[in-house]
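The structure appears right after this line, and notes come after that.
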Amino acid sequence: MNKLFKTIFVLLLPLIAGAQGLREKVNEGNAHYTKSEYELAIAKYKDALLDDPLNEQILFNEADALYKMEKYDEALEGFQKILGSKDLKLASKAHFNIGNVHLKKNKLTDSINAYKKALELDPADYDAKYNLELARAKLKEQSEKKKQDGKDKQENIKPSEYAKKIKAEAEALAAQGLFRQALNLMNRELENDPTIGAFKKFTERLKNVVDIDEGV
């Protein structure tokens with residue numbers, strides 16, 4: 001999975017009457033941000049927030065700078081402050097970047113849920129659609145790898161002498177046509193000796209025969 005996910009940064013600040021100083025602080029923070037001077041950008045945003053503590057776009061920009069510094073928990077907290085915004089576009093972007101935080105932390109289910117919420121607020125958001133499919137693909141990839149790892153682990157199990165004895169007894173039962181009893185023996189003793197799992201394919205064959213016999 002080599003595709004890069006897409007991020008968003010909001011530079012715009014709405015004109016506020018009598019707030020020239022506030023705009024200047026934010027613009028300075030944005031200038032630092034574009035130069036990847038994230039600590040300096042955060043300092044300017046914090047200074048601006050002293051003048052307007054509830055300004056959602058400044059809160060967003062501060063959270064985004066924290067994200068760039070890989071301070072994901074702090075960034076997540078910042079984006080969460082904006083989720084109830086009346087500005088649905090901004091709220092959508094907050095959900096989007098929350099998805100990015102979760103994706104960075106490999107919390108794929110949480111990232112998928114966040115991207116879905118972003119799309120509920122802004123169905124036309126291409127980047128959210130892109131990252132949603134990327135997260136789904138990564139989740140599928142992880143699930144398939146986990147299954148394969150489990151299969152490999154199962155195949156690498158070395159049966160104990162007791163496990164070999166149980167398999168021999170099950171084979172003897174199967175030779176007499178007592179497939180259900182053989183299957184029950186394997187499943188029951190698996191709880192006592194996990195290395196019986198080395199004979200998983202044998203147990204599966206028994207189950208297939210039993211299913212056919214019993215019309216399952």
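Read the figures in this text as sums done on the coordinates, not as results from a lab. Because the structure is a prediction, the values reported are computed rather than measured. Cβ atoms come from the backbone with ideal geometry, glycine included; neighbour counts cover every protein chain shown.
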(message) Here are the criteria: (1) surrounded by 24 or more Cβ atoms within 10 Å (Cβ to Cβ); (2) within 25 Å of L49 (Cβ to Cβ); (3) hydrophobic (A, V, I, L, M, F, W, C). Tell me which single one L121 does not satisfy.
(response) (1)
(message) I'd like to check something: does the range 88-99 contain any residue that is surrounded by fewer than 15 Cβ atoms within 10 Å (Cβ to Cβ) and without any contact (Cβ under 8 Å) to a residue 40 or more places away in the chain?
(response) yes
(message) Every residue in the range 99-119 that is part of a helix (DSSP H, G or I) and polar (S, T, N, Q), please.
(response) N100, T109, S111, N113
(request) Output yes when any residue across the range 51-68 is surrounded by fewer than 17 Cβ atoms within 10 Å (Cβ to Cβ) and more than 16 Å from L22 (Cβ to Cβ), and no when none is. (result) yes
